[in-house]
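The values are calculated or read from the model by the stated rules, or taken from the named source; none is laboratory data. As the structure is a prediction and not an experimental result, all values here were calculated from the model. Here the Cβ positions follow ideal geometry from the backbone for every residue, glycine too, while neighbour counts run over all protein chains shown.
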Amino acid sequence: MKLYNTKTLQVEEFVPRHPHEVNMYVCGPTVYNYVHIGNARPIVIFDTLRRVFEAEGYNVRYVSNYTDVDDKIINKAIEEGVSETEIAERYMAAYNKIREDLHTEPLYDAPQVTKTMNEIIAFIGELVDKGYAYVVDGDVYFSVDMVPGYGHLSHQNPKDLEVGARVAENDKKRSGLDFALWKKTDKGIKWDSPWGPGRPGWHTECVVMIDKDFNHESIDIHGGGKDLRFPHHENENAQNLAAKGKDLANYWIHNGMVNVSGQKMSKSLGNTVWAKDVIEELGPDLTRWILLSVRYRDVLDYSPKTIEEAEKGLRKITTPIHQANVKLALADKENLEAYDKASYGEFLDAMNDDLNTPNAYAVMYKTAGALNQALRVREPDLEKIAEYRNALEKMLDILGIPAEKLSLSAEEKDLYRAWLDARKEKDFEKADKLRSQLEEKGIL
């Protein structure tokens with residue numbers, strides 16, 4: 001497996017910290033609203049990455065969190081006159097539904113900030129004790145100047161960043177780049193701490209949840225959208241350097257954003273596309289196919305043209321699989337398990353090349369073409385048909401698209417054979433009637 005590491009700006013061979021194991025953490029949602037199609041992209045991408053690792057024999061410990069305390073959650077709770085917990089639970093349930101609908105594998109853990117508060121407070125205290133953080137009137141700030149090489153993860157010069165981060169006269173921070181670890185507050189949900197009542201800063205939460213879930217070790221892969229590189233991931237890493245003297249992760253993997261018909265998705269433009277609406281309209285299989293249709297690091301443009309091309313592309317795969325299933329079922333050979341190792345190996349090579357899904361799709365189209373040819377000969381080789389079908393189904397499984405389940409009853413088999421006979425005898429009226437019945441049953 002080779003992956004593009006944001007930290008080095010290079011495609012590197014993946015070497016796990018522990019043999020045959022992958023520890024992976026992906027930043028989850030702040031649960032104050034439904035997720036849009038851009039939020040769904042990392043769900044699909046990192047689930048697919050996990051499946052590739054598993055296909056190669058790795059045991060993957062995949063963790064993704066919920067930020068269930070935040071100003072946006074508090075403001076929404078006040079606006080609706082309900083508790084922050086009610087808001088968070090509503091949108092966590094909605095997010096879980098998206099994950100389930102998209103056929104994702106279960107997470108090893110899905111930690112919540114509100115259930116990690118003791119550890120977060122203890123971690124902030126450690127940074128204060130070590131001199132990396134300072135307290136001002138109940139707020140706690142991280143001192144960026146104390147970490148040599150700050151900016152190396154996102155490849156930015158702290159001096160350049162300072163220009164756009166001037167400290168206001170009434171600001172409590174010593175430097176414009178310093179960020180809050182603990183916020184004193186009298187608004188909304190809060191917890192007691194050595195510095196007074198408040199709630200944690202966003203950048204601290206993930207560091208602590210990673211530390212807790214992965215037994216106080218650095219992890220192999222930290223993932224998320226490109227918009228998280230700075231300041232979120234940079235600040236996460238700075239805290240880990242301060243506390244433990246090492247990077248939080250060996251590989252930092254970031255997916256590209258999703259545009260809508262060539263424009264950036266934003267509330268101001270009113271072009272937000274909710275993931276639940278896309279899944280309802282297109283179905284989970286086509287949604288995953290679209291989200292994986294371009295290289296994960298590139299921008300994906302979601303548009304009518306994208307949908308049309310994806311529908312055609314996925315149909316090129318599923319149609320011959322269905323035809324193969326029918327032919328094998330008619331011959332009572334549907335349970336043949338051998339698969340075409342050459343095409344499957346070529347597919348895995350593409351996926352191992354930094355998740356090169358466009359090349360992987362090309363392998364699938366080629367394999368589907370070979371299956372089509374095998375289906376069209378006068379006396380088809382059923383074992384070869386099964387091998388191509390099974391290879392395609394294994395490829396689809398890695399993409400998170402379940403294989404078709406087709407079982408024909410004796411009556412349905414007789415109906416199909418009668419249709420074939422009517423065609424041979426050129427009894428087109430009878431053939432049309434039988435075809436309509438087969439279409440109703442989903443066989444044709």
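Just a few scattered comments:
Condition check ((1) among the hydrophobic types (A, V, I, L, M, F, W, C); (2) at pLDDT 95 or above; (3) farther than 30 Å from Thr185 by Cα) across all residues:
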site: Val31; (1), (2), (3): yes, yes, no
site: Gly38; (1), (2), (3): no, yes, yes
site: Thr48; (1), (2), (3): no, yes, yes
site: Arg51; (1), (2), (3): no, yes, yes
site: Gly57; (1), (2), (3): no, yes, yes
site: Asp68; (1), (2), (3): no, yes, no
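- Pairing residues of region 312-324 that are over 14 Å from Lys384 (Cβ atoms) with residues that are of a type in the set (Phe, Trp, Tyr) and surrounded by fewer than 17 Cβ atoms within 10 Å (Cβ to Cβ), at Cβ distances under 7 Å and at least 6 apart in sequence or on separate chains, gives Lys316/Tyr365.
- In the set Arg61, Arg50, only one residue is in contact (Cβ under 8 Å) with a residue 60 or more places away in the chain, charged (D, E, K, R) and not in a loop (DSSP other than H, G, I, E, B); that residue is Arg61.
- Filter pass, Lys413 being more than 28 Å from the chain's Cα centre (by Cα), surrounded by fewer than 20 Cβ atoms within 10 Å (Cβ to Cβ) and modelled with pLDDT of 85 or more: no
- Highlighted here are the strands (runs of 3 or more DSSP E) found entirely within region 172-233 that include at least 3 residues which are within 23 Å of Asp139 (Cβ to Cβ): 179-184, 198-200.
- Any hit, region 347-361, residues being on the phi > 0 side of the Ramachandran plot and in contact with a strand residue (DSSP E or B) (Cβ under 6 Å, 6 or more places away or on another chain): yes
- Beta carbons closer than 7 Å, at least 6 apart along the sequence or on distinct chains, pair a first residue in region 129-151 that is in the same structural domain as His203 (by TED's automatic domain parsing) and small (Gly, Ala, Ser) with a second that is assigned to a loop (DSSP other than H, G, I, E, B) and surrounded by fewer than 18 Cβ atoms within 10 Å (Cβ to Cβ) for Gly138/Gly196; Ser143/Arg174; Gly151/Asn157.
- Condition met for Ser175 (within 28 Å of Asn59 (Cβ to Cβ) and in contact (Cβ under 8 Å) with a residue 12 or more places away in the chain): no
- The condition (being assigned by TED's automatic domain parsing to the domain that holds Met364, without any contact (Cβ under 8 Å) to a residue 24 or more places away in the chain and assigned to a helix (DSSP H, G or I)) is satisfied by just one residue among Ala342, Ala329: Ala342.
- Members of region 33-50 found to be in contact with a Gly (Cβ under 9 Å, 6 or more places away or on another chain), over 18 Å from Leu228 (Cα atoms) and not acidic (Asp, Glu), listed by number: Thr48, Leu49
- In the condition set (1) out of contact with any Gly (no Cβ under 8 Å at 6 or more places or on another chain); (2) without any contact (Cβ under 8 Å) to a residue 60 or more places away in the chain, His20 is compliant with all but (1).
- Of the residues making up region 395-442, those that are closer than 30 Å to Thr104 by Cβ and touching a residue at least 24 places away in the same chain (Cβ under 8 Å) are Met395, Leu396, Asp397, Ile398, Leu399, Gly400, Ile401, Pro402, Ala403, Glu404, Leu406, Ser407.
- Test: Gly256 is under 24 Å from His222 (Cα atoms), assigned by TED's automatic domain parsing to the domain that holds Asp213, in contact (Cβ under 8 Å) with a residue 24 or more places away in the chain and out of contact with any His (no Cβ under 9 Å at 6 or more places or on another chain): yes
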